[in-house]
Structures are given as structure tokens and as C-alpha cells.
Amino acid sequence: MIELAPSILSADFAHLAEQVRAAEAGGATVIHVDIMDGHFVPNLTIGPPVVKSLRKATDLPLDCHLMIENADDYIPAFAEAGANWISVHYEACRLLNRTLHHVKDHGCLAGVVINPATPADFLTEVLDIVDYVLVMSVNPGFGAQKFIPSTLHKMRQLTDMRAARGLSFRIEVDGGVALDTVTDVVRAGAEILVAGNAVFGSGDPTRNAQHLLKAATEAALQKV
Ligand code: DX5
Ligand code: ZN
């Protein structure tokens, strides 16, 4: 099943609750929250207090994408604030196995994220632990960047690895997902589609979400 996870990074932070509700009205079923620390990525965003407020604004699962160093130190606070899904970067975790278990121990779904330059093969040892794999299709740090097409083969590869090993993790894509790229990512195997600029950048978030989901669902139907 295809799900749309609008990223609030491109939303109006002064009106987050309304923006999230508008995306939900357009069919969004997950809210993607980008957490940046100014170290792992060259940008700063938000922390647990905003997650706590968002928690009151929506019943949708909050998908917290941690682009931070020392994720272990912050996982409890995000879980307590109301995160439902927490993903950590392969590139930022020295003890990835431990960190993923840490996420699960706090009652959240655990995801692992790979940057565009990280091969999907590097995840072999954690695929049986994670609930989802997030393939970055831009270099993390900013919204509204250009989609990197060479990341598509990793979504295909993960689909094959999952089937070969009888696993059930889901595949999420993040970065540059818009009407002109959504068909390719769905055909490549992405099931959870993060979109920031394409939902909140301009126009009406409800209509934007509807259009993206329609294109994604059509692509998924063509696949079978
Ligand atoms: C990038 C973030 C993304 C970003 C996606 O570092 O992880 O979630 O908000 O934004 P768009 O869809 O605008 O590329
Ligand atoms: Zn993200």
C-alpha cells in the first residue's frame, strides 16, 4: 500500500497544525518530521517540544527522521514527545544494531536511513531488525532539492533483498519526490513517499497531496 508522508520542513511553522490537517485532508497518512542538528547535516530544525505539540494536532503517525549525531541520547525524548516511527542514519550510528533496538525498546517503529552515496548492501545485517528502510534521494539537510535518479536502483535492490530473505520491512523514499518523479520511485518499489516542497511549497496542500497520491496509486497499479 502506498502512503504519503508530507514533510513539515516546507510547511509554515507558524501554522503547523493547520498545515498538517490540510495535508491529512488530501490523503496523507503519515507526517514526516525532519530533525537536524547542524552537525550531521548543515542545517538546524526542531526538537522534541515541536513533536509534542504536533502530537496534539494530529492522530497520524509521526515519522521522525533523525539527521543527528548521538541519536541514542535523544531517542527517549522523541519517543516521549509522541514519535511513532524513528529513523536513524546508517552514516551517523557507530553501533547501529544497538541504536535500532533502542528505538524499538521505546515503543517506536525503527527505520534505518541511507544517504545517496551509501550502498543498500551495507544494510544486510540490519534488514531483519528494521520496520522500514528510508532511501534518501537527495543529500539530507534541505527541502526542495533536485531528485537524484541514481538512488532508484537501491529501492529495486531492497525490494529484491526483502523478497529473497522473506522479510517485511517497508521502503520509504525522501527527497525531491514530486509529480515528475513519483512514478519512478513507486515503480522502483518505494511504498512510503515523503514529500515536502511538493505538498507545502506552493498552492493548496490538500490538492497537492491528492494529486501526488493519485499519480502514485496509478503507478502502483501499473506495476502489477
Ligand atoms: C531532507 C529532508 C526531507 C525533505 C524533503 O533533508 O530529509 O524530508 O524535507 O523535502 P522535499 O520533498 O522538498 O525534497
Ligand atoms: Zn526527511
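The values are calculated or read from the model by the stated rules, or taken from the named source; none is laboratory data. On a predicted model such as this, the values are computed, not experimentally measured, just so you know. As a convention, Cβ positions derive from the backbone with ideal geometry for all residues, glycine included, and neighbour counts pool all protein chains shown.
Each residue in segment 165-179 was checked for being over 12 Å from Tyr132 (Cβ atoms) and in contact (Cβ under 8 Å) with a residue 12 or more places away in the chain, and 6 pass.
One residue alone among Arg207, Arg162, Arg187 is more than 16 Å from ligand 2 (Cβ to nearest atom), at pLDDT 95 or above, more than 26 Å from Ala25 (Cα to Cα) and basic (Lys, Arg), and that residue is Arg162. Scan segment 134-174 for residues that are touching a helix residue (DSSP H, G or I) at 6+ places or on another chain (Cβ under 8 Å) and surrounded by 20 or more Cβ atoms within 10 Å (Cβ to Cβ) and jot them down. Selection gives Val135, Met136, Ser137, Gly143, Leu152, Lys154, Met155, Leu158, Phe169, Ile171, Val173. Given the criteria assigned to a helix (DSSP H, G or I), at pLDDT 95 or above and not polar (S, T, N, Q), does Ala17 qualify? Answer is yes for this residue.
Of the residues making up segment 126-160, those that are among the charged types (D, E, K, R) and assigned to a loop (DSSP other than H, G, I, E, B) are Asp128, Asp131, Lys146. Return yes or no: is Ala120 buried (at least 17 other Cβ atoms within 10 Å of the Cβ), closer than 18 Å to Cys64 by Cβ and more than 14 Å from the chain's Cα centre (by Cα)? No. Any residue at all in segment 43-61 that's within 16 Å of Val194 (Cα to Cα) and within 15 Å of ligand 2 (Cβ to nearest atom)? Looking through segment 43-61, at least one residue is within 16 Å of Val194 (Cα to Cα) and within 15 Å of ligand 2 (Cβ to nearest atom). What number of residues within segment 106-117 are in a loop (DSSP other than H, G, I, E, B) and either within 16 Å of ligand 1 (Cβ to nearest atom) or surrounded by fewer than 18 Cβ atoms within 10 Å (Cβ to Cβ) (or both)? So the count comes out to 5.
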